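Here the structure is laid out as structure tokens; the discussion comes afterwards.
The values are calculated or read from the model by the stated rules, or taken from the named source; none is laboratory data. What you see is a predicted model; the values in this text were computed from it and never measured. In this analysis, Cβ positions are derived from the backbone assuming ideal geometry, glycine residues included, and neighbour counts consider all displayed protein chains.
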Amino acid sequence: MRLLIQNTPGVAEACRQIAANPTESFRMTNRANTIAVVSDGTRVLGLGDIGPEAGQPVMEGKALLFKYLGGVDAFALSIGNPGRRPSAEEIINFVKLLQPSVGGINLEDISKPKCYTVLETLRNDPEITIPVWHDDAQGTASVVVGGVIGAAHHVGKELDQLKVAMLGVGAANTRTAYVLEAAGVPLKNIVMADSKGIITKDRPDIIEQKDYDSFKYDLAQKTNGEGLSGDFGNAMEGADVMISASKSAEDVVKQEWVSKMASDSIVFACANPIPEIWPWKAKAAGARVVGTGRSDFDNQINNSLGFPGIFRGTLDVNATTITDEMCVAAAQAIADIAIKKGTTDKYIIPAMSEWELFPFEATKVGMKAIEQGVARTIMEEEELFKMAEEKIKYARDLTQSLMDNKFIAPPI
């Protein structure tokens, strides 16, 4: 009996070159186009702490979106221990050990404040030379700010003059506040509130927990320039924009609060599956532009408009990190697609089906990385756009071919 032995001719030479120069792994393996979606299942959208096994379908869905919308190869890694969720330190160590295999890390559905500790520790660790990103924070922020830019353009208001009321001081709104600032909205013009009311620099519970939630403490010192206090209704009075990332329930945001906002007001109620205020109620109360996280209403504020294109551009220039300025570049690209087509009250942000967004967004993100000096590969804008467009189109065509040939089932 003869045994057929299959091998990989020439692989030793690639190994030798990478051993001599580890950065060659980005050129000689698929690392440059591969990311890991890492989660512990402690904060799965709409479901809460359901654990890594139960969260795995969400992570696999995320990986599919990365491939189809961004041409990025992603694999889902839900991590944990039997009967115990991993600590922040364990997640950090896991990512550090994983680094040689991937070009980037997408942290997903990790509870607060553990998600802050993991993200900031990894982003500031000199041993981490690949981008680490938390989609529930930076991803949400990029798309929300894209919506704000598009809506502000539509109603004729300047970013630096906007008064913004934000309900919820979790991962999403915390990073959204900082990205709004990077986009041109002064933090002093933003008023934030949690379940206890408006956050202020002298609120005792915030001071007591400043080491537990340092970002909330920082924002309490820098936002709310007028020194407002009380419930969220006070924050909304005279506001141009309302952004809520809070409890999924009816009437968390009251119609009477919306009615006291400025003229041509913008309301983004992002909780799923039930937004904090139904769109028709916000409209009846006087809001001009309303967005939610749902696909069955106008102006869907969805992370899928951000992460595929952002990672495409980040990977194509082999960036070492994803900065807030890169998030702003993505937000502006998102808004520009809608602005170029002509915004309306019902269209201030594109839909996922507008696939031309993703190579355009990738290009703007990659060029910003080059401008900021965090890119290891330098190229011209036209070349970067062509590369992104080809990779994304290939992924979409491949998916369509697999469906046409019945290797995979079409979406239901």
Sole exception among (1) out of contact with any Ser or Thr (no Cβ under 6 Å at 6 or more places or on another chain); (2) surrounded by fewer than 24 Cβ atoms within 10 Å (Cβ to Cβ); (3) among the polar types (S, T, N, Q); (4) farther than 29 Å from Met242 by Cβ for Ser304, by number: (4)
Looking at segment 233-242, can you tell me whether even one residue there is modelled with pLDDT under 95 and either assigned by TED's automatic domain parsing to the domain that holds Leu167 or of a type in the set (A, V, I, L, M, F, W, C) (or both)? no
Being surrounded by 22 or more Cβ atoms within 10 Å (Cβ to Cβ), among the aliphatic types (A, V, I, L, M), on the phi < 0 side of the Ramachandran plot and not in a helix (DSSP H, G or I), is that true of even one residue in segment 307-315? no
Could you list, in sequence order, the residues of segment 362-412 that are in contact (Cβ under 8 Å) with a residue 60 or more places away in the chain and assigned to a loop (DSSP other than H, G, I, E, B)? Arg376, Thr377, Ile378, Met379
Would you kindly identify the strands (runs of 3 or more DSSP E) lying entirely within segment 238-301 that contain at least 1 residues that are free of Cβ contacts under 8 Å to residues at least 60 places away in the same chain? 266-269, 289-292
Within segment 102-132, which residues are under 18 Å from Val374 (Cα atoms) and either in contact with a Ser or Thr (Cβ under 6 Å, 6 or more places away or on another chain) or free of Cβ contacts under 8 Å to residues at least 24 places away in the same chain (or both)? Val102, Gly103, Leu119, Glu120, Asn124, Pro126, Thr129, Pro131
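When you look at Lys157, is it in the same structural domain as Glu361 (by TED's automatic domain parsing), more than 15 Å from the chain's Cα centre (by Cα), at negative phi and not in a helix (DSSP H, G or I), yes or no?
Working: in the same structural domain as Glu361 (by TED's automatic domain parsing): yes; more than 15 Å from the chain's Cα centre (by Cα): yes; at negative phi: yes; not in a helix (DSSP H, G or I): yes.
For Lys157, the condition - in the same structural domain as Glu361 (by TED's automatic domain parsing), more than 15 Å from the chain's Cα centre (by Cα), at negative phi and not in a helix (DSSP H, G or I) - is met.
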Are there any pairs with C-beta distances below 8 angstrom linking a residue in segment 51-66 that is modelled with pLDDT of 95 or more to a residue that is surrounded by fewer than 17 Cβ atoms within 10 Å (Cβ to Cβ), with the two at least 6 apart or on different chains, and if so which? Ala63/Phe75
Can you tell me which of Ile130, Ile105, Ile91 is part of a loop (DSSP other than H, G, I, E, B), at negative phi and at pLDDT 95 or above? Ile130
Please work out which residue is surrounded by the fewest Cβ atoms within 10 Å (Cβ to Cβ), limiting yourself to segment 165-190 and to residues that are of a type in the set (Gly, Ala, Ser) and in a helix (DSSP H, G or I). Ala182
Would segment 7-20 turn up any residue that is out of contact with any Asp or Glu (no Cβ under 6 Å at 6 or more places or on another chain) and either buried (at least 16 other Cβ atoms within 10 Å of the Cβ) or of a type in the set (Ser, Thr, Tyr) (or both)? yes
How many of the residues making up segment 241-284 are closer than 23 Å to Glu158 by Cα and over 23 Å from the mean Cα position of the chain (by Cα)? 11
